[in-house]
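For reference, the structure is listed below as C-alpha cells.
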Amino acid sequence: QGRLVESGGELVQAGGSLRISCAGSGRTFSSYAMAWFRQAPGKEREFVAGISWNRAITHYADSVKGRFTISRDNAENTVYLQMNSLKPEDTAVYHCAAGVVSGSPAPYEYEYWGQGTQVTVSS
C-alpha cells in the first residue's frame, strides 16, 4: 500500500529556518488530509500542523502558529513543513501522516505514517 518518507531534517541554530518534506509512494495521497507530528524523547507524539486534501484548510498547534507553514503539492504527492524562527524546544523527530480527517490532533486518526526525520535546534 502507501508509504510516506520524510527528508530534510538536520541540525540548525535557534532562530534559523528549515523545510522538511514528506514524499508519498505506492499510492496517491491527493485525496487525503496530511499532517505533521513530532516526538521528542520522553514525550508523546504531538500534532504540529495539518492540511486538507484540497489545501483549503490548515491547522497548527499553538506552539508553532505563526512560525511554521504546511503546504502540499499533490502533483508530486508531497507535503512540506516550512519552519521559521526555530527554537530549541522544536527539537524532535518529525513524522508525516495521512488520514481522512483534516486537522485532527489525534494520531489514531491517521492511517499512514512515515518513519520520521530528525530536526535538532541548537541554542
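The values are calculated or read from the model by the stated rules, or taken from the named source; none is laboratory data. Fair warning: this is a prediction, and the values are worked out from it, not measured in the lab. Cβ atoms come from the backbone with ideal geometry, glycine included; neighbour counts cover every protein chain shown. Surface areas here come from the heavy atoms of the whole protein model, side chains and all, with no ligands, DNA or RNA. Shrake-Rupley method; radii C 1.70, N 1.55, O 1.52, S 1.80 Å.
Screening Thr117 on (1) over 13 Å from Ile20 (Cβ atoms); (2) modelled with pLDDT of 95 or more; (3) buried (at least 19 other Cβ atoms within 10 Å of the Cβ); (4) not basic (Lys, Arg) shows it passes everything except condition (1). Taking the condition open to solvent by less than 60 Å² (accessible area, probe 1.4 Å), closer than 19 Å to Ser123 by Cα, out of contact with any Phe, Trp or Tyr (no Cβ under 9 Å at 6 or more places or on another chain) and modelled with pLDDT of 95 or more, does Gly16 pass? So Gly16 fits the description; yes.
Between Ala40, Ala106, the distinction of being in contact (Cβ under 8 Å) with a residue 40 or more places away in the chain, out of contact with any Leu (no Cβ under 6 Å at 6 or more places or on another chain), over 17 Å from Gly2 (Cα atoms) and surrounded by 13 or more Cβ atoms within 10 Å (Cβ to Cβ) belongs to Ala40 only. Listed by first and then second residue, the pairs with beta-carbon distance under 9 Å, at least 6 apart or on different chains, first residue in the range 79-93 and over 19 Å from Ser123 (Cβ atoms), second among the acidic types (Asp, Glu) and exposed (fewer than 14 other Cβ atoms within 10 Å of the Cβ), are Val79/Asp73; Tyr80/Asp73. When the range 43-66 is filtered for residues that are outside any strand (DSSP E or B), open to solvent by less than 30 Å² (accessible area, probe 1.4 Å) and not hydrophobic (A, V, I, L, M, F, W, C), only Ser52 remains.
For the residues Pro41, Pro88, Pro105, the requirement of being more than 13 Å from the chain's Cα centre (by Cα), at pLDDT below 95 and either under 18 Å from Gly8 (Cα atoms) or not aromatic (Phe, Trp, Tyr) (or both) singles out Pro41.
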